[in-house]
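Structure, as structure tokens:
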Amino acid sequence: MDVFTEQPLEGNPLALVPDADALPEGLLPRIAREFHQPETTFLLRPAQPGATWRLRSFTAAGI
């Protein structure tokens with residue numbers, strides 16, 4: 001997925017992992033390091049009432 005652009009292959013690449021709720025917390029930064037993209041985002045079930053989803057993002061450094 002490219003972000004910060006409307007033109008394909010012009011923005012910052014972003015790895016998106018859907019349905020990440022089953023992944024152990026400590027595995028998320030390791031996956032981000034493996035993908036080695038500027039950012040890896042994990043789509044999770046919402047934690048707040050009324051929210052549609054929850055996101056966790058990590059850089060390639062795993063932070």
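The values are calculated or read from the model by the stated rules, or taken from the named source; none is laboratory data. Just so we're clear, the structure is a prediction, and the values are computed from it rather than from any experiment. Counting neighbours? That spans all protein chains shown, and the Cβs are built from the backbone with ideal geometry, glycine included. Each accessible area value is taken on the protein alone, full model and side chains, heavy atoms only, with ligands, DNA and RNA left out. Shrake-Rupley method; radii C 1.70, N 1.55, O 1.52, S 1.80 Å.
Length gained on full extension, L16 to E34, computed as 0.36 nm times the residue gap minus the Cα-Cα distance: 5.2 nm. Taking Cα pairs under 8 Å and at least six residues apart, what relative contact order does the chain come out at, in percent? That works out to 31 percent.
How many percent of the alpha carbon pairs in the chain exceed a separation of 15 Å? That fraction is 53 percent. Fully extending the segment from I63 to Q48 would add 3.1 nm, taking 0.36 nm per residue of separation and subtracting the current Cα-Cα distance. Taking every protein chain into account, the accessible area of the chain amounts to 74 square angstrom per residue (probe 1.4 Å).
In a DSSP loop and with at most 15 other Cβ atoms within 10 Å, the GluC sites (Glu not before Pro) in the range 1-41 are E6, E10, E25.
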